[in-house]
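Some notes on the structure that comes next.
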Amino acid sequence: MAISFIDVHKQFGEKTVLTGITMSVERGEVLFVVGTSGVGKSVTIKHIIGLLTPTSGEIIVDGQNVEGLSEKQFLPIRRMVAMVFQASSLFDSLTVLQNVQLPLKKHKGLNDKKAGEVAMKLLREVGMDAHANTFPADIGDGMRKRVAIARALALDPSYILFDEPTTGLDPVSARRVDRLILSLARDRNVGCIVVSHDLQAIFGIADKIAMVYQGRIYREGTMEEFRNSSDPVLRQFLSGSSHGPMETPGF
């Protein structure tokens, strides 16, 4: 089972952003979509859940072409594919626990008690159970990101999309989010697509890397293939890091 892009193009009016995206991610795999700012990384993944519609090409989710689906037809796709946005998108008027309860009550029909039990279990999984009764405004960015991941897990998705999950986080919080993403793939068999320019994350947890350049996938490969490549476009992108050799973060 996989999410596959097949020659996906996207235009906004006369502006062409994507000129033929072809890539795939399987269950249990971590795919990083990388590239410089403004090349269309976030635009690419938003097509999967119907936030954008491709101008041409196909996006296949577990065998189903999502192009042309109505809002109603997209509902099962959006339960299968969760998204964690860069800003976390939590409801400030709800506590951490209530934020995670919400999809359980709305989409699974659980009552308050049962939804609370499941939500607490998910918060424990991401290390946020001690903050269950806290409001999002009273916790840090890294903690909000972990709550957003717990909420994304509420509907037992097969895939999770992450849009710049470590941007703005301190190094400790960023690596904690990395370990969470890796554990989702390894322990839950979730396919993860991560839009990021965080080279430490990329070379720490990626199974595959797809580089967007001039609107298409310029190169797709493993960490080692990217690290050892002499391609000038890849070297220019990788030279943006001020870090030395990167090791896989430990648990």
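No value in this document is a laboratory result; all are computed from the given coordinates. From a predicted model like this one, the values you see are computed outputs, not experimental measurements. For neighbour counting, all protein chains shown are included, and Cβ atoms are generated from backbone atoms with ideal geometry for every residue, glycine included.
For the reader, a short list of remarks on this structure follows.
- Ranking Ala154, Ala2, Val39 by how far each Cα lies toward the positive end of the dipole of the chain (charges on Cβ) leaves Ala154 at the top.
- Just so you know, the Rg over Rh for the range 2-238 is 0.97, from Cα atoms, with Rh as the Kirkwood radius.
- Taking amide H as placed 1.01 Å from N in the peptide plane, Ala2 has its amide H under 5 Å from the amide H of Asp62, Gly63, each at least 5 places away in sequence or on another chain.
- Rg to Rh, two decimals, where the range 174-217 supplies the alpha carbon set and Rh follows Kirkwood: 1.00
- Given charges at Cβ of Lys, Arg, Asp, Glu: the chain dipole, positive-most of Ile193, Gln214, Phe203: Ile193
- For the chain, built as a Gaussian network whose Cα springs stay under 10 Å, the top-fluctuating residue of Pro136, Pro232, Pro76: Pro232
- Distance between the range 95-118 and the range 1-43 - C-alpha centres, whole angstrom: 33
- Lysines whose Cα lies under 26 Å from that of Lys208, excluding same-chain neighbours fewer than 8 positions away: Lys10, Lys41, Lys46, Lys145
- Contact order relative to length of the chain, as percent, for alpha carbon pairs under 8 angstrom and 6 or more apart: 26
- Over the range 45-125, the pair-distance histogram of Cα-Cα distances with 5 Å bins from zero comes to 3, 13, 19, 19, 15, 14, 10, 5, 1, 0 percent, rounded to whole numbers.
- Axial C-alpha extent at least 20 Å, average Kyte-Doolittle at least -0.5 - helices from the chain (DSSP): 171-188
- Relative to its residue count, the range 25-86 spans a Cα convex hull of 108 Å³ per residue.
- Placing +1 on the Cβ of every Lys and Arg and -1 on the Cβ of every Asp and Glu, with nothing else charged, gives the range 2-238 a dipole about its Cα centre of roughly 520 debye.
- Taking only the Cα atoms of the range 84-136, the radius of gyration and Dmax are 10.6, 30 Å.
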